[in-house]
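The values are calculated or read from the model by the stated rules, or taken from the named source; none is laboratory data. These numbers were taken from a predicted model, which means no experiment stands behind them. Neighbour counts run over all protein chains shown; Cβ positions are idealised from the backbone, glycine included. Accessible surface is based on the protein model in full, side chains and every heavy atom, while ligands, DNA and RNA are left aside. Shrake-Rupley method; radii C 1.70, N 1.55, O 1.52, S 1.80 Å.
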Amino acid sequence: KINTIIGFPEENQVETDIPVKETDGWKVALEIAAGNEKDLVTSFGVHPNALNVYDRHDFHEPPVIGDYISAYFKNADAGNLNQDIRTEGEEFYTWSLAIQTNQAGISEVVIPDINKIPFEHSVKLFDPVTRIVYDMRNQSTVQFVSQGKENPQYFELMVGKDKSINNELEKLGVVPNKFELAQNIPNPFNPVTNILISLKEDANITLRVFNLLGEEINSMAMNQPMSKGNHRFIWSGKADNGQPLPSGIYLYRLEVLSNNGSPVYQNTKKMILMK
């Protein structure tokens, strides 16, 4: 028989005689927020009767109006989906997640029901621009900077066995081979910006912001232990006391110490706060 899929051409529907079961598998929703706007209906999961192509378990992303934030999964055959359910029983799944908003500032990604995903599976969120991998079981909220220009921010949502996820990340060349302080993104910025660092080994880092007189105005990390990999700090153009700073040029400086306390890297870059 052919399962009827509303809104999808009959010639592209998939023939199956598998009896429909509605109680197995798992499904969880994402919570995406930017300012006062939220998207609470984007969901993913697995089901024994689902297919890895578009089928009755999947739904298209609705259009947006007014102020919004919208999360959806990119599907090569069916377009943008706000629900994407895959075939149950595989060791590794990846969903291409896009988040789009017209709100500038800090946006957040949360998986509130992550414990519905079987504990033998790790859940990782990979940012291909910053090359940062977030462990969603250990980090409840992932933040990123939105410029409010409606350009999608892309992630890869990976669920599966640690070995399978690590093999995929190795193919992507995620692990850095040097210490690095990158140029902040965006620059110039208002009101927030990303500061990216790369560590080729576990280390202790100090990251501070100075004005052009050399006066320290914000300390984002002071001798903080961090693991090998890529990391992101978000700076909102404020001093340590929370006071917003005026437009101008600021310096940010990274100092890295090895685990035995020896200095291994330091660098300073400029950024422009423009209101």
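Yes/no per residue for (1) within 25 Å of Pro62 (Cβ to Cβ); (2) outside any strand (DSSP E or B); (3) in contact with a strand residue (DSSP E or B) (Cβ under 8 Å, 6 or more places away or on another chain):
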residue: Ser107; (1), (2), (3): yes, no, yes
residue: Pro112; (1), (2), (3): yes, yes, yes
residue: Asn115; (1), (2), (3): no, yes, no
residue: Pro118; (1), (2), (3): no, yes, yes
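Does Ile197 satisfy the condition of being under 30 Å from Tyr93 (Cα atoms) and at pLDDT 95 or above? Don't jump to the end; show me each part of the working.
Numbers: under 30 Å from Tyr93 (Cα atoms): yes; at pLDDT 95 or above: yes.
So Ile197 passes the test.
Could you go through region 176-190 and let me know if any residue there is closer than 24 Å to Ile111 by Cα and assigned to a loop (DSSP other than H, G, I, E, B). Show your work before the answer.
Step one: list which residues in region 176-190 are closer than 24 Å to Ile111 by Cα, which gives none.
There is no residue in region 176-190 that is closer than 24 Å to Ile111 by Cα and assigned to a loop (DSSP other than H, G, I, E, B).
Reported count of residues in region 156-174, each being assigned to a helix (DSSP H, G or I) and open to solvent by 60 Å² or more (accessible area, probe 1.4 Å), is 6.
When each of Gly89, Gly45, Gly25, Gly7 is tested for being at pLDDT below 90 and either more than 27 Å from Val129 (Cβ to Cβ) or not aromatic (Phe, Trp, Tyr) (or both), the lone residue that passes is Gly7.
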